[in-house]
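Input: a single structure, listed below in structure tokens.
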Amino acid sequence: MALGEHVFLYCERGTSTALLAEPFNAASNAAFLLAALVGLQLRLWRPREDRSADHYLLIGLVFLIGLGSLTFHLFATTETALADVIPISLFMLVYLGFVLNRFLGMPPGWTVLLVLGFAGLIALTGEIKCGERLIALPGVATPTEAFAAL
């Protein structure tokens, strides 16, 4: 896809390039923005010693998810698609690290290694191609050739 090209992923948009072609998808992002603001207020009501940078990072990422997704549902271009998926991906990885470290007591070094390993698995599985009733990894021309190589 070329830069600036419109993306038509949702029935609500159809083939329209209008700014408000996805009003319900766009409006649904208010929930993320509201959740971030409520989360921030709840955090600020806590004593200073109960606040940490990772809490603010998660709140900020929720806010960015709302803004990025809103931007995508308003403009629906290849660039705004990145504004939609990058904050979601970052939130997922940061929250995984948060859970491993805070809730499961995993040491920071192991937490970083596991989060990086998980990110690597996501990247690898994103490269798997389907077709001809089989799957193939990158670098193999067709799934049939991958099967024949076995």
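Overview of results
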read-out: Single match in R13, R46 (criterion: in contact (Cβ under 8 Å) with a residue 40 or more places away in the chain and of a type in the set (K, R)); value: R13
read-out: Subset of the range 119-129 [open to solvent by less than 80 Å² (accessible area, probe 1.4 Å) and among the hydrophobic types (A, V, I, L, M, F, W, C)]; value: A119, I122, A123, I128
read-out: Scope the range 34-69; condition under 18 Å from F91 (Cα atoms) and either acidic (D, E) or outside any helix (DSSP H, G or I) (or both); matching residues; value: S52, D54
read-out: Residue list for the range 94-122, restricted to those being over 20 Å from L64 (Cβ atoms) and in contact with a Ser or Thr (Cβ under 6 Å, 6 or more places away or on another chain); value: L100, N101
read-out: Long-range neighbours under 8 Å by Cβ, at least six apart or interchain, first residue more than 12 Å from V115 (Cβ to Cβ) within the range 83-97, second of a type in the set (F, W, Y) and open to solvent by less than 40 Å² (accessible area, probe 1.4 Å); value: A83/F72; D84/F72
read-out: The one condition in (1) at pLDDT 95 or above; (2) surrounded by 18 or more Cβ atoms within 10 Å (Cβ to Cβ); (3) of a type outside the set (V, I, T) that D84 fails to fulfil; value: (1)
read-out: Complete set of residues in the range 13-43 that are over 18 Å from the mean Cα position of the chain (by Cα), at pLDDT below 95 and either open to solvent by 60 Å² or more (accessible area, probe 1.4 Å) or at positive phi (or both); value: G14, T15, T17, L19, L20, P23, F24, A27
read-out: Residue in the range 90-101 that is in a loop (DSSP other than H, G, I, E, B), modelled with pLDDT of 90 or more and open to solvent by 40 Å² or more (accessible area, probe 1.4 Å) present; value: no
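The values are calculated or read from the model by the stated rules, or taken from the named source; none is laboratory data. Computed from a prediction, not measured in an experiment: that's the story for all the values here. In this analysis, Cβ positions are derived from the backbone assuming ideal geometry, glycine residues included, and neighbour counts consider all displayed protein chains. Keep in mind that these areas ignore ligands, DNA and RNA; they rest on the heavy atoms of the full protein, side chains included. Shrake-Rupley method; radii C 1.70, N 1.55, O 1.52, S 1.80 Å.
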